[in-house]
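This report concerns only the one structure given below.
The values are calculated or read from the model by the stated rules, or taken from the named source; none is laboratory data. Keep in mind it's a predicted model, so treat the numbers as computed, not measured. Don't worry about glycine lacking a Cβ; one is built from the backbone with ideal geometry, like all the others, and counts go over all protein chains shown. Note: areas computed on protein heavy atoms with side chains; ligands, DNA, RNA excluded. Shrake-Rupley method; radii C 1.70, N 1.55, O 1.52, S 1.80 Å.
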Amino acid sequence: MTELETSQLIGRLQQLQRRLYEMANDLGTLTDPEIVAVSEEADRLIIQLQRLRKKESDYRKMENMVAVSLLSASQPAEEIGKQRRTFFVKHS
């Protein structure tokens, strides 16, 4: 999913939030079937965004693991630790 699609999902979610607020004020109850339907749509969007962010996070972690393994093949552990702000204990 692209950044534009993510922005569109967030925009749609914000629209639904405003609509829910207005409907709750107008109807005076949160259990109205129309409010429940809009709330369920918002829930689906929230889940979609959470899955997307988890997938992006997993991808970044994988990229970092690959970068570290590539660096470790060419640099001593002390240098990698400095770059990654990691503390290594050197056993002698």
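Points worth noting:
- Entry comment: accessible area of the range 12-73 is 80 Å² per residue, from protein heavy atoms only and a probe of 1.4 Å.
- Maximal additional length on extending the residue 24-residue 5 stretch stands at 4.0 nm, based on 0.36 nm per residue less the C-alpha distance.
- Compared with the direct C-alpha span, the chain from residue 34 to residue 12 gains 6.2 nm at full extension, assuming 0.36 nm per residue.
- For residue 51, neighbours were defined as the other residues whose beta-carbon sits under 12 Å from its Cβ, and their charges (Lys and Arg +1, Asp and Glu -1) total +2.
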